[in-house]
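A quick write-up on the structure given underneath.
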Amino acid sequence: MLKQAFFKTILLLVPFYLLSIAVLAQEKYWLEFNPDNLSVKKNDIQLLKDSLKKQFPEDLTFHYQSKWNPVVSISTKEENVSSLTEYVFVKSITVQKELQPLSIKPLTPIEYSYALEQIKAHYITDSMGLSGKGVKIGVIDGGFMDADAEPSLQHLIGNKQIKFFQDYLLKGNNDPFYGKRMAGDDHGTQVLKMIAGSDNGTSIKYGMAENAEFYLARTDHGIRERRIEEEYWVAAIELFYEMGIRLVNSSLGYTDGYDKRKENHSRKEVDGKSSMITKTAQLATEKGMLIVSAAGNDGHNNWGILSLPSDAKDVLTVGAARYDDWSKIYYSSIGPQKLDYIKPDVVCFAANGTSFSAPVITGLAACIWEYDTTLSNIEVMNIIKSGSHLAENPNNHIGYGVPDSEKIVSILNQEKPKSIFKSINTDQDYIELEIPNGIEIVIIFHKE
């Protein structure tokens, strides 16, 4: 009986094993449809998907379809790629890449507070009493393990300020604080701390937006060497937009260095328009979202330049600066010279990765939006850049420099320029105008 049972077990396991091999033979790709195709123009992509599925019934699986781009995530065998690209309605097929948290090692408690001191955050949090209240912040990261046990985040838990959680990796998991210590699943917890952390026990403030509301998305596994799909990042951004979230922190990025060379991005892709996550990030900004993205930690190696999607033109890209002289920290990635705009946008202190400089600026942006909810995402970004110490002379190492909250307060307190438009019809050779008090500049033009 024992032999018979064992034999049945083997019979059951063999087909499962063969199935696993078949699944593993498939790889993840982005399939981009030709935007000039009539079905694509009519937004009838399902028709095209059905057509492809008939041709590849066993070897093609569709996953996430972007709501903003004419692209869909697929799994297929590598040998099918060339055949798929022959269809006139298929524009391109590219390998999906792996994102990774942009941190080097955990910060010490004292290092957390250096950044707020550097940007003079007290001018906004103390003098103006701003704390991000009423602002919704989306955080896309690798995990928020034990955030409920972190002393500096107890107010978020007690006040129920964490409003939403989506786990793209572990389907069905509704616990944002679950994770494994060795997997780096607490990276997002440290990011949250830099946005909103405040420890009553030590009286140390770590982030500026302690009264904001938070919407969390886990899209990345901290340190595991396996492919983590870009589609999760894209899906999270599109979902946050639907939920009315205008401010998002992303301390994830992609460069190169993975085992499969074909999964690496190339430096030439860092152009603000090539990668799928960069395209999505830029589209998000055009829809009114402010995406705060870590610049990357490759400033000291062969890659050297920004990680993706921080190359998107209207993303607020944040690098890292030294605390003492405000120069670029050795690891902070620089902007490619080929870009016709300045990147990174700003910098602030972060000893252990741009993962921890970006959330500081996210907290700052939340306070600015709390002060004036009518500001656009671009206006908030420009206020931060204009209030930075190199505003007049930016460069591709530290952008517009370190934000100065004192300057930003001055910008926010400035009265908006008073503008008066008056049309004058006359056949005289000269006219006399009475200029109201408070008008400093008068522009007169003659319309032919």
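Read-outs throughout are calculated quantities, based only on the coordinates presented, and are distinct from any laboratory measurement. Computed from a predicted model, the values in this text were never measured in an experiment. As a convention, Cβ positions derive from the backbone with ideal geometry for all residues, glycine included, and neighbour counts pool all protein chains shown.
Over the range 100-412, what relative contact order in percent results from Cα pairs under 8 Å that are six or more residues apart?
Relative contact order for the range 100-412 comes out at 22 percent.
When you count, for each residue, the other Cβ atoms within 10 Å and take the mean per peptide, how do 287-296, 160-169 rank with the highest first?
Result, highest mean first: 287-296, 160-169.
Please arrange ILE93, ILE74, ILE245 by how many other C-beta atoms lie within 10 Å of their C-beta, fewest to most.
ILE93, ILE245, ILE74
Over the range 311-410, how many percent of alpha carbon pairs lie in each 10 Å bin up to the one with the longest distance?
The calculated distribution, bin by bin, is 17, 52, 28, 3.
Just need the Rg to Rh number for the range 100-412, please, alpha carbons only, Kirkwood Rh.
We get a ratio of 0.93 for the range 100-412.
Between the range 117-178 and the range 278-354, how many Å separate their Cα centres?
First find each Cα centre; the distance between them is then 22 Å.
What is the packing order of peptides 231-242, 377-388, taking the mean over residues of other C-beta atoms within 10 Å and listing the highest first?
231-242, 377-388
List the residues whose amide H sits under 5 Å from the amide H of GLY253, counting only those 5 or more places along or on another chain, with H placed 1.01 Å from N in the peptide plane.
Amide H neighbours of GLY253, under 5 Å, 5+ apart: GLN100, LEU102.
Restricting to the range 100-412, what percent of DSSP beta bridges are antiparallel, rounded to 5?
Antiparallel: roughly 25 percent of the beta bridges in the range 100-412.
If packing is taken as the mean number of other Cβ atoms within 10 Å per residue, what is the order of 60-68, 141-149, highest first?
Descending mean neighbour count gives 141-149, 60-68.
Which pairs, out of LYS28/LYS49; LYS287/LYS338; LYS28/LYS91; LYS91/LYS273, put more than 20 Å between their alpha-carbon atoms?
Cα-Cα > 20 Å for LYS287/LYS338; rest within.
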